[in-house]
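Beneath this line is the structure, given in structure tokens, with notes to follow.
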Amino acid sequence: MTVPHQVLDLLSEHRGSWPCDDCIARALKRPDARDAGVITAAIGNGAGFRRATKICEGCTTEKIVTIAN
């Protein structure tokens, strides 16, 4: 499964939660959050997804997070 598919699946499985790119990368066991960041930036404002600056539910740090609607 490709990294974009893994990110989409993770966000869909955790619909309603607000993970940051670092927490997404950690959950997918990716060494670099930029992998997740490129993908979430591309999908973050598309249909079914939203990006905003909020407190990440994983690391409790204020960051840009992505949510699957």
When the range 31-48 is examined, which residues are found to be buried (at least 17 other Cβ atoms within 10 Å of the Cβ) and over 10 Å from the mean Cα position of the chain (by Cα)? Asp35
Every residue from the range 60-69 that is surrounded by fewer than 13 Cβ atoms within 10 Å (Cβ to Cβ) and touching a residue at least 24 places away in the same chain (Cβ under 8 Å): Thr61, Asn69
What single numbered condition from (1) touching a strand residue (DSSP E or B) at 6+ places or on another chain (Cβ under 8 Å); (2) at negative phi; (3) of a type outside the set (A, V, I, L, M, F, W, C) fails to hold for Gly48? (2)
Under 6 Å by Cβ, and 6 or more places apart or on different chains, what pairs join a residue from the range 21-42 that is in a helix (DSSP H, G or I) with one that is small (Gly, Ala, Ser) and surrounded by fewer than 16 Cβ atoms within 10 Å (Cβ to Cβ)? none
Selection from the range 1-20 of residues that are assigned to a helix (DSSP H, G or I) and either crowded, with 16+ Cβ neighbours inside 10 Å or touching a residue at least 40 places away in the same chain (Cβ under 8 Å) (or both): Gln6, Val7, Leu8, Leu10, Leu11, Ser12
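Coordinate-derived values only; no laboratory data. Bear in mind that the values here come from a model prediction, so they are computed numbers and not experimental data. Quick reminder, even Gly has a Cβ in these numbers, built from the backbone with ideal geometry, and neighbours come from all protein chains shown.
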